[in-house]
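The values are calculated or read from the model by the stated rules, or taken from the named source; none is laboratory data. Keep in mind the model is a prediction, meaning the values are calculated, not measured. Cβ placement follows ideal geometry from the backbone for every residue including glycine, while neighbour counts extend to all protein chains displayed. We work out accessible area using only protein heavy atoms, side chains counted, and drop any ligands, DNA or RNA first. Shrake-Rupley method; radii C 1.70, N 1.55, O 1.52, S 1.80 Å.
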Amino acid sequence: NQTFARILRKFDISRNTIATLVKMSDTIFDLRTIRAGNPYALICSADTTPLHFVYEQDKINYILFSFADSMKVSAEKKEVILVRKIASGIIESNLWNAMIDFRINPIMSIELSEIYAWSIDFFGLQKGDHFSVIYDEEYVDTIPVGIGKIYSAIYNHQNKEFYAIQF
């Protein structure tokens, strides 16, 4: 429940510096969209002089406010590393739980339901249905943050195989 200015004032950033940063951020980031719970960090020099304020919008995107030698506001992205994976599982109750049981990002259940939306009724899955999928998982700092491209999938529903191949 804090504003951008209130956060920076806690670290003895001058009102003039804050006003300049607010004006500079107009076209880059709407400060009204700062959300409770999103991490932020203040980066200081060895003598504890504040140099940068970093606000994380999500796991990939962040806003960098610099006020060291010259003031600057920029939208930045963390490096996303793609790791090719092959995953498979068997349905015991539903697709979401299968993802959890087989340690697959549960978002994959949403991706597969969209891929097979016109072929498979996901409300009618049967115990024993099974799937395999080849895809890229996105990582930032060794932490999985999402599903990238899905290259292919095979879903066996009631002993009938449904193939999906990215083209």
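Can you work out the accessible area per residue across region 91-167, with the rest of the protein chains kept in place, probe 1.4 Å, in square angstrom?
Value for region 91-167: 62 Å² per residue.
How big is the Rg/Rh ratio for region 68-167, C-alpha atoms only, Rh by Kirkwood, two decimals?
When Rh is taken as the Kirkwood radius, the ratio is 1.15.
Give me the percent of the accessible area of the chain that comes from carbon and sulfur atoms, probe 1.4 Å, all protein chains in place.
53 percent
Please report the accessible area of residue 35 (heavy atoms, 1.4 Å probe, ligands and nucleic acids excluded) in Å², nearest 10.
130 Å²
Along the Cα-to-Cβ line of residue 102, 7 Å from the Cα, sits a label point; which residues in region 115-153 have backbone N less than 14 Å from it?
Under cut-off, by backbone N: 126-135, 152-153.
Roll a 1.4 Å probe over the protein chains and send me the accessible area per residue for region 26-88 in Å².
I get 67 Å² per residue for region 26-88.
Divide by every residue of the chain the summed helix terms, -39500 (n - 2.57) for each DSSP H run of at least 4, and state the resulting mean residue ellipticity at 222 nm, rounded to the nearest 500 deg cm²/dmol.
It lands at -5500 deg cm²/dmol.
If the reach is capped at under 26 angstrom between alpha carbons, list the lysines near residue 160, excluding any in the same chain fewer than eight residues apart.
Of all the lysines, those that pass the test against residue 160 - Cα under 26 Å, at least 8 places apart if same chain - are 85, 127, 149.
How many nm separate the modelled label positions at residue 70 and residue 38, each set 7 Å beyond the Cα in the direction of the Cβ?
Spacing of the two 7 Å Cα→Cβ label points: 2.6 nm.
Which aspartates and glutamates, if any, have their Cα less than 19 Å from the Cα of residue 72, not counting same-chain residues under 8 positions apart?
Here the aspartates and glutamates satisfying the reach criterion relative to residue 72 are 12, 26, 30, 56.
By a straight-distance test (C-alpha under 16 Å), which aspartates and glutamates pair with residue 59 as possible cross-link partners, with residues fewer than eight away in the same chain excluded?
76, 79, 137, 138, 141
Just subtract the alpha-carbon distance of residue 88 and residue 151 from 0.36 nm times their residue separation and send over the number in nm, one decimal.
21.3 nm
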